[in-house]
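This report concerns only the one structure given below.
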Amino acid sequence: MKLDAFKRKKFRVSNKVKKVSSSDRYRLSISRSSKNISAQIIDDNKRITLISASSIEKDIKPSSKINKTELSKIVAEKLAKKAQEKKITKIYFDRGLYKYHGRVKIFAETLRKNGMEF
């Protein structure tokens, strides 16, 4: 099966993260579009999503115009708060096909400020 460049890149990055994953850490997968950002913490051993946060959710969706970097900070804070409630502090950061730059970098730095380790 022939994959396009985006799928190959995502597959390559995600598989590297999955190979080193262990039972004490979960994988944080991030997804972004031109306007929104979402993330989920996944248990690869059980193959279930434990926690998710998105900028589309009603309590996060801003009523006024807010820029995308501030929106990614808000989503990261919400995800970190949910993770602390479930006592999850150590994760692997799966950036997917996105470069560690811009909104993805701000998202990761905000998670680190809120107590997540990766």
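The values are calculated or read from the model by the stated rules, or taken from the named source; none is laboratory data. Please read these numbers as outputs of a predicted model, since none were measured by experiment. Heads up, the Cβs are rebuilt from the backbone with ideal geometry, glycines too, and the neighbour counts pull from every protein chain shown.
Couple of notes before you dig in:
- Lys9 being surrounded by fewer than 12 Cβ atoms within 10 Å (Cβ to Cβ), under 19 Å from Gly102 (Cα atoms) and not polar (S, T, N, Q): no
- Members of region 22-59 found to be surrounded by fewer than 18 Cβ atoms within 10 Å (Cβ to Cβ), small (Gly, Ala, Ser) and touching a residue at least 60 places away in the same chain (Cβ under 8 Å), listed by number: Ser31
- Taking the criterion of being without any contact (Cβ under 8 Å) to a residue 60 or more places away in the chain, under 20 Å from Asn15 (Cβ atoms) and not charged (D, E, K, R), the only residue of region 83-107 that qualifies is Tyr100.
- At least 2 residues being among the hydrophobic types (A, V, I, L, M, F, W, C) and in contact with a Cys (Cβ under 7 Å, 6 or more places away or on another chain) is the threshold, and among the strands (runs of 3 or more DSSP E) wholly inside region 8-118 not one reaches it.
- Residue list for region 44-70, restricted to those being within 22 Å of Gln84 (Cα to Cα), modelled with pLDDT under 90 and out of contact with any helix residue (DSSP H, G or I) (no Cβ under 7 Å at 6 or more places or on another chain): Asn45, Lys46, Arg47, Glu57, Lys58, Asp59, Lys61
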